[in-house]
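One structure is given here, and the rest of the page talks about it.
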Amino acid sequence: MRLFVSVDLPDDIAEDVAALQDCFDAATGLKFVDPTQAHITLKFLGEVSKARLPAVKDAVETGVRESEVDPFDAAFGGLGVFPSLDYINVLWLGVREGAAALTALHEGIEAETTAIGFSPESHEFTPHVTLARMEHAGGKETVQACVRDNDPDAGSMHVEEVRLTESVLTPDGPQYRTVERFRL
């Protein structure tokens, strides 16, 4: 099972994500994420055997509990890229409100999953919603200009749970299935 831990966005924000993606239509080289599957990844676990699933569920549950994060509001806006505007791999929508709570959740989950053998993240956690991945640099200048010149708002939501999600890779893109929900 290919697993990750996420906060999933509601349908009304998926509509905002789709509208933001439309702004980048002229940029070649982008592969857009399905807006109906928009989410914030708190921890990517990768391939996990079914035998390890109970330990993973326990680790995520403990990480959520130990983070001591209560339900909170998150607001989305602003654009960014990883790793830099000079070399773009990922185009993303930022988090304007709720970033501290999302970071606390990430840190709690990170501590518990690394304790059971998962690799720690190699970079600092930045809460974001992936809009697209850049497959080639043909549209790099268009993406750079759009990111520099736009500061859109993209809705808000009340976060009450974290999900353990399975990603099944298909020729049409990944399909997501919720494995377990963890209430804040």
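Would you please give the residues with an amide H less than 5 Å from that of Val179, counting only those at least 5 places away or on a separate chain, with H modeled from the backbone geometry?
So Val179 has HN proximity to Leu164, Thr165, Glu166.
Apply the Karplus parameterisation 6.51 cos²θ - 1.76 cosθ + 1.60, with θ equal to phi minus 60°, to every residue of region 4-13 and state each ³J(HN,Hα) to the nearest whole Hz, in sequence, with x for glycine and proline.
Taking θ as phi minus 60°, the curve returns 8, 10, 8, 10, 8, 8, x, 4, 5, 6 Hz for region 4-13.
Once both axes come from the Cα atoms, what is the angle between helix 140-149 and the longest principal axis of the chain, in degrees from 0 to 90, rounded to 10?
The angle comes out at about 80 degrees.
Would you mind calculating the gained length between Glu15 and Ala75 on full extension (0.36 nm times residue separation, minus the Cα-Cα distance), in nm to one decimal?
20.2 nm
Work out from phi, with θ = phi - 60° and the Karplus expression 6.51 cos²θ - 1.76 cosθ + 1.60, the ³J(HN,Hα) of each residue of region 72-78, listed in order in whole Hz, and give x for Gly and Pro.
Whole-Hz 3J(HN,Hα) from phi for region 72-78: 8, 9, 10, 10, 10, x, x.
Measure off 7 Å from each Cα along the Cα-to-Cβ vector at Ala26 and Leu169, then give the distance between these two points in nanometres to one decimal.
With each label point 7 Å from Cα toward Cβ, the separation is 3.4 nm.
Leaving ligands, DNA and RNA out of it, report the carbon-plus-sulfur percent of the accessible area of the chain at a 1.4 Å probe.
C and S fraction of accessible area: 47 percent.
Near the amide H of Phe72, under 5 Å away, which other amide H atoms are found, from residues 5 or more places off or on another chain, if H is placed in the peptide plane?
Excluding prolines and chain starts, which carry no amide H, the hits are Val159.
If you rank Phe32, Phe44 by how much accessible surface each has, with a 1.4 Å probe, what is the order from largest down?
Largest accessible area first, the list is Phe44, Phe32.
With the contact rule set at Cα under 8 Å and sequence spacing of 6 or more, what percent relative contact order holds for region 91-184? Before the final figure, lay out the partial values.
Numbers: 64 pairs, mean separation 22.0, N = 94.
It rounds to 23 percent for region 91-184.
Let me check against my output: what whole-number percent is the relative contact order of region 1-118, with C-alpha pairs under 8 Å and at least 6 apart?
Values: 139 pairs, mean separation 33.2, N = 118.
Relative contact order, region 1-118: 28 percent.
Can you spot the lysines whose alpha carbon is less than 30 Å from Lys57's alpha carbon? Ignore those fewer than 8 places along the same chain.
Result set, ordered by chain and number: Lys43.
Between Ala115 and Tyr87, what is the FRET efficiency for a Förster distance of 30 Å, r being their Cβ-Cβ separation, to the nearest 0.05?
Details: r = 33 Å, r/R0 = 1.11.
With R0 = 30 Å, the Cβ-Cβ based efficiency is 0.35.
Need the full-extension length gain, Asp58 to Thr178, defined as separation in residues times 0.36 nm minus the C-alpha distance. One decimal, nm.
Length gained, Asp58 through Thr178: 41.6 nm.
Grab the DSSP H runs of the chain that are 4 residues or longer, score each as -39,500 (n - 2.57), total them, divide by all residues and round the 222 nm result to the nearest 500 deg cm²/dmol.
Result for the chain, helices only: -9500 deg cm²/dmol.
Counting heavy atoms of the protein chains only and a 1.4 Å probe, report the per residue accessible area for region 1-52 as a whole number of Å².
47 Å²
Near the amide H of Val90, under 5 Å away, which other amide H atoms are found, from residues 5 or more places off or on another chain, if H is placed in the peptide plane?
Distant-sequence amide H within range of Val90: Phe82, Met134.
Give me the compactness ratio for the chain, meaning the Cα radius of gyration over 2.2 N^0.38 Å. Show your work: numbers first, answer last.
Values: Rg = 16.4 Å, N = 184, 2.2 N^0.38 = 16.0 Å.
Dividing the Cα radius of gyration by 2.2 N^0.38 Å gives 1.03.
Each label point is 7 Å from the Cα along the Cα-to-Cβ direction; what then is the distance between the points at Ala100 and Thr41, in nm?
Going by the 7 Å Cα→Cβ label model, 2.7 nm.
The values are calculated or read from the model by the stated rules, or taken from the named source; none is laboratory data. This structure is a prediction, so every number in the text was calculated from the model and none was measured. Backbone-built Cβ (ideal geometry, glycine too); neighbour counts: all protein chains shown. Quick note on the areas: whole protein, heavy atoms, side chains included, nothing else; ligands and nucleic acids left out. Shrake-Rupley method; radii C 1.70, N 1.55, O 1.52, S 1.80 Å.
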